[in-house]
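Student: There's a structure below that I have some questions on.
The values are calculated or read from the model by the stated rules, or taken from the named source; none is laboratory data. Keep in mind the model is a prediction, meaning the values are calculated, not measured. Please note: Cβ atoms are built from the backbone with ideal geometry, for glycine as well, and neighbour counts cover all protein chains shown. Note: areas computed on protein heavy atoms with side chains; ligands, DNA, RNA excluded. Shrake-Rupley method; radii C 1.70, N 1.55, O 1.52, S 1.80 Å.
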Amino acid sequence: MSPFDFIWLFFLFSAVEPWIHQRLIASQRLRLMRKLERQRSSRVITLIHRQEAMAFLGIPIARYIDIEDSEAVLRAIRLTPPEMPIDLIVHTPGGIVLAAEQIARALCRHPGTVTVFVPHYAMSGGTLLALSADEIRMDEHAVLGPLDPQIGQYPAASILQVLEAKPVAEIDDETLILADLSRKAMAQVADAVVDVVTANGTAVEQARSIAQTLVSGRWTHDYPITVSEAQHLGLHVASGLPEEIYALMDLYPQPGQRRPSVGYVPIPYHQAPASPNPPRGNRTGGTRR
């Protein structure tokens, strides 16, 4: 073979290798999902948003809940027998309210048990999906987030604060329009939360209290609601996830960085047996600095 043939084969392999790798990853994901389905006799649906990189350019693209997601999840729900449980794995920063609300209402109407698993975070619209479940299962360090609507680049609750801080005559027309949109958006999201939460048997008054807490803007939009705080709000939350979910998340890697910021030996460590002689600086003997 001539050197030109080797160069041609190299470029051919370079073009085909990413496709082969992606197909292999997809096959591994499917096997894990099927394994989890057999263990729990359920339909497993994933809604996992990670940044992706554009081919050649390497530009990261942020992912969020959109209409395509709602169409795909609704189709998966339609393909599920009515009495079969649904396990939804959610990892998302949020997204379009319409898409999240469509998915949440469809989950509420499913006769079988719905469980939402949160391995890392389900913010904003992801939290609305979690509220639609009969049970929310979270990693002990995972978080949910507030559902306060965002109007453009500003929180709706903050826009409404302007009406309280100034006389109407001193507020420009654009801000008044935004305030009107904010009031409507907050009412609509609050109503959606009440509908979703009461569908799972929660009393109306408690559902309104949950909606008020999540929608009113008492926190910033990225405030992390922990497992204990979610339980305090009255949500059906438990900690602990099947190991298959962690393995599945490993198959959704972030795009490679030029300089990795986190490093560790990627194997599980087992607890070493206790030493008969405690080391110096033991917590029980003296002051630590």
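Student: In region 42-89, what residues are touching a Phe, Trp or Tyr at 6+ places or on another chain (Cβ under 9 Å) and either polar (S, T, N, Q) or modelled with pLDDT under 95 (or both)?
Tutor: Thr46, Ile48, His49, Arg50
Student: Let me ask something additional. Within region 110-136, which residues are touching a Pro at 6+ places or on another chain (Cβ under 8 Å), closer than 17 Å to Leu147 by Cα and not polar (S, T, N, Q)?
Tutor: Passing the criteria: Tyr121, Met123, Gly126.
Student: A further question on this structure: Could you tell me how many of the residues in region 107-118 are within 10 Å of Leu129 (Cβ to Cβ) and outside any strand (DSSP E or B)?
Tutor: First, pick out the residues of region 107-118 that are within 10 Å of Leu129 (Cβ to Cβ): 107, 114, 116, 118.
Subset that is outside any strand (DSSP E or B): 107.
So the answer is 1.
Student: Now for a separate question. In region 91-104, what residues are assigned to a loop (DSSP other than H, G, I, E, B), touching a strand residue (DSSP E or B) at 6+ places or on another chain (Cβ under 7 Å) and either open to solvent by 10 Å² or more (accessible area, probe 1.4 Å) or farther than 22 Å from Asp191 by Cβ (or both)?
Tutor: First pass over region 91-104, keeping only residues assigned to a loop (DSSP other than H, G, I, E, B): 93-94, 96.
From the residues that got through so far, the ones that are touching a strand residue (DSSP E or B) at 6+ places or on another chain (Cβ under 7 Å) too are 94, 96.
Scanning region 91-104 gives a single hit, Ile96.
Student: Another one. For region 142-175, what are the residues that are without any contact (Cβ under 8 Å) to a residue 12 or more places away in the chain and farther than 18 Å from Gly95 by Cα?
Tutor: Within region 142-175, the first condition is being without any contact (Cβ under 8 Å) to a residue 12 or more places away in the chain, and the residues that meet it are 153, 161, 164-174.
Passing the criteria: Gln161, Glu164, Ala165, Lys166, Pro167, Val168, Ala169, Glu170, Ile171, Asp172, Asp173, Glu174.
Student: Answer yes or no: is there a residue in region 221-232 that is in contact with a strand residue (DSSP E or B) (Cβ under 7 Å, 6 or more places away or on another chain), part of a loop (DSSP other than H, G, I, E, B) and among the aliphatic types (A, V, I, L, M). Before the answer, list the steps.
Tutor: Step one: filter region 221-232 for residues in contact with a strand residue (DSSP E or B) (Cβ under 7 Å, 6 or more places away or on another chain), giving 221, 224-227, 230-231.
Narrowing the set further to residues that are part of a loop (DSSP other than H, G, I, E, B) leaves 221, 224, 226.
Checking the rest, the ones that are also among the aliphatic types (A, V, I, L, M) come to none.
No; the residues of region 221-232 include none that is in contact with a strand residue (DSSP E or B) (Cβ under 7 Å, 6 or more places away or on another chain), part of a loop (DSSP other than H, G, I, E, B) and among the aliphatic types (A, V, I, L, M).
Student: Is there a residue being assigned to a loop (DSSP other than H, G, I, E, B) and among the polar types (S, T, N, Q) anywhere in region 146-162? Reasoning before the result, please.
Tutor: Within region 146-162, the subset assigned to a loop (DSSP other than H, G, I, E, B) is 146-149, 152-153.
Next, from what is left, pick out any that are among the polar types (S, T, N, Q): 153.
Yes, that holds for at least one residue.
Student: Restricting the search to region 179-220, which residues are surrounded by fewer than 17 Cβ atoms within 10 Å (Cβ to Cβ) and in contact with a Gly (Cβ under 8 Å, 6 or more places away or on another chain)?
Tutor: Answer for region 179-220, where residues must be surrounded by fewer than 17 Cβ atoms within 10 Å (Cβ to Cβ) and in contact with a Gly (Cβ under 8 Å, 6 or more places away or on another chain): Gln206, Ser209.
Rundown of residues vs (1) in contact with a Gly (Cβ under 6 Å, 6 or more places away or on another chain); (2) charged (D, E, K, R); (3) open to solvent by less than 60 Å² (accessible area, probe 1.4 Å), yes/no style:
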| residue | (1), (2), (3) |
| --- | --- |
| Ile77 | no, no, yes |
| Ile89 | no, no, yes |
| Ala106 | no, no, yes |
| Thr113 | no, no, no |
| Ser124 | yes, no, yes |
| Ala133 | no, no, yes |
| Gly152 | no, no, no |
| Gln161 | no, no, no |
